[in-house]
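Comments concern the structure below.
The values are calculated or read from the model by the stated rules, or taken from the named source; none is laboratory data. It should be emphasised that the depicted structure is a prediction, and the values quoted were computed from it without experimental measurement. Glycine gets a Cβ as well: all are built from the backbone with ideal geometry, and neighbour counts include every protein chain shown.
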Amino acid sequence: MRTMNLDFPDEVFPTLRQTPQEFACELRLAAAAHWYGRGEISQEQAAMIAGLNRVQFLDALARRGIPVFVVDMDDLQEELDRG
């Protein structure tokens, strides 16, 4: 596993009412949700990035109102056309 260090102004944490650790968890989840929502990574990969198991990741998305399943409308139409 790789470790990354990111620098943020100290003022960010009180504004968001989060500790640096809470902020890091939220940042990981946000990044994972973003890439998953764009279809760039799988649920499993997104869960690993977020530091969660797959069920926890899907639950976290649902609690935040983020679509749990990414559906490409063209792919869906093709499936429907095939019967």
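If only one of Gln43, Gln21 is of a type in the set (S, T, N, Q), out of contact with any strand residue (DSSP E or B) (no Cβ under 7 Å at 6 or more places or on another chain) and surrounded by 14 or more Cβ atoms within 10 Å (Cβ to Cβ), which one is it?
Among Gln43, Gln21, only Gln43 is of a type in the set (S, T, N, Q), out of contact with any strand residue (DSSP E or B) (no Cβ under 7 Å at 6 or more places or on another chain) and surrounded by 14 or more Cβ atoms within 10 Å (Cβ to Cβ).
Among the residues of region 34-83, which ones are part of a helix (DSSP H, G or I), under 18 Å from Met4 (Cβ atoms) and of a type in the set (A, V, I, L, M, F, W, C)?
Trp35, Ala46, Met48, Ile49, Ala50
If I filter region 58-80 for residues that are modelled with pLDDT under 90, among the polar types (S, T, N, Q) and surrounded by 10 or more Cβ atoms within 10 Å (Cβ to Cβ), do I get at least one hit?
For region 58-80, residues modelled with pLDDT under 90, among the polar types (S, T, N, Q) and surrounded by 10 or more Cβ atoms within 10 Å (Cβ to Cβ): present.
Tally the residues that are on the phi < 0 side of the Ramachandran plot and exposed (fewer than 12 other Cβ atoms within 10 Å of the Cβ), restricting the search to region 24-40.
2
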